[in-house]
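**Student:** Here you go, one structure.
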């Protein structure tokens, strides 16, 4: 089996897409959200407050035992939580684009917080 065939196996593609989807929310909160808010003329103090939303990434070890304790029915422990969080991420990221920073800044803050927890 050549190197390219080994790289493009089903398992490797699952790893690539899982890695991409786990890094996407972090990129959205660290880079895209502040740039989007700045392009919509949100003041710098408010954008600085949005940096606090990034803290849940450092606290994930606190609720990770809950993911180990409870099992999503029909899919098993790991697959169930992966599928559930992927659909949650999809819904949260899609809903963030439905609001305007000019009029719905508080809603965007709550959605971004939920995104950080997922």
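Read the figures in this text as sums done on the coordinates, not as results from a lab. Since this is a predicted model, take the numbers as computed values, not measurements. Quick reminder, even Gly has a Cβ in these numbers, built from the backbone with ideal geometry, and neighbours come from all protein chains shown.
**Student:** For segment 72-103, how many residues are loosely packed, with under 14 Cβ neighbours inside 10 Å and either more than 12 Å from the chain's Cα centre (by Cα) or more than 21 Å from residue 56 (Cβ to Cβ) (or both)?
**Tutor:** Here the count works out to 12.
**Student:** Being exposed (fewer than 14 other Cβ atoms within 10 Å of the Cβ) and out of contact with any helix residue (DSSP H, G or I) (no Cβ under 6 Å at 6 or more places or on another chain): is that true of residue 24 here?
**Tutor:** On the way: exposed (fewer than 14 other Cβ atoms within 10 Å of the Cβ): no; out of contact with any helix residue (DSSP H, G or I) (no Cβ under 6 Å at 6 or more places or on another chain): yes.
Answer is no for this residue.
**Student:** When residue 4 is evaluated against the numbered criteria (1) in a helix (DSSP H, G or I); (2) surrounded by 10 or more Cβ atoms within 10 Å (Cβ to Cβ), which criterion, by number, is the only one it fails?
**Tutor:** Checking residue 4 against (1) in a helix (DSSP H, G or I); (2) surrounded by 10 or more Cβ atoms within 10 Å (Cβ to Cβ), the one that fails is (2).
**Student:** State all residues of segment 84-108 that are in a helix (DSSP H, G or I) and closer than 13 Å to residue 36 by Cβ; if no residue qualifies, say none. Lay out the reasoning, then the answer.
**Tutor:** As a first pass, look at segment 84-108 and keep what is in a helix (DSSP H, G or I): 84-96, 105-108.
Correct list: 93, 96, 105, 108.
**Student:** Continuing with this model, one more query. Look at segment 17-49 and say how many of its residues are under 15 Å from the mean Cα position of the chain (by Cα) and closer than 18 Å to residue 114 by Cβ.
**Tutor:** In the first step, residues of segment 17-49 are kept if they are under 15 Å from the mean Cα position of the chain (by Cα); the result is 17-33.
Restricting the remaining residues to those that are closer than 18 Å to residue 114 by Cβ gives 21-30, 32-33.
The qualifying residues number 12.
**Student:** Picking from 36, 63, 81, which residue would you name as being in a helix (DSSP H, G or I) and touching a strand residue (DSSP E or B) at 6+ places or on another chain (Cβ under 8 Å)? Outline the logic, then answer.
**Tutor:** Numbers: 36 fails: touching a strand residue (DSSP E or B) at 6+ places or on another chain (Cβ under 8 Å); 63 fails: touching a strand residue (DSSP E or B) at 6+ places or on another chain (Cβ under 8 Å).
Being in a helix (DSSP H, G or I) and touching a strand residue (DSSP E or B) at 6+ places or on another chain (Cβ under 8 Å) holds for just one of 36, 63, 81, which is 81.
**Student:** Exactly one of these conditions fails for residue 68: (1) surrounded by 11 or more Cβ atoms within 10 Å (Cβ to Cβ); (2) part of a helix (DSSP H, G or I). Give me its number.
**Tutor:** For residue 68, the failing item is (1).
**Student:** Testing residue 52 on (1) farther than 22 Å from residue 16 by Cβ; (2) touching a helix residue (DSSP H, G or I) at 6+ places or on another chain (Cβ under 8 Å); (3) in a helix (DSSP H, G or I), one condition comes back false. Which one is that?
**Tutor:** Residue 52 satisfies every listed condition except (2).
**Student:** Please work out if residue 13 is free of Cβ contacts under 8 Å to residues at least 40 places away in the same chain and part of a helix (DSSP H, G or I). Give the derivation first.
**Tutor:** Values: free of Cβ contacts under 8 Å to residues at least 40 places away in the same chain: yes; part of a helix (DSSP H, G or I): yes.
Yes: the conditions hold for residue 13.
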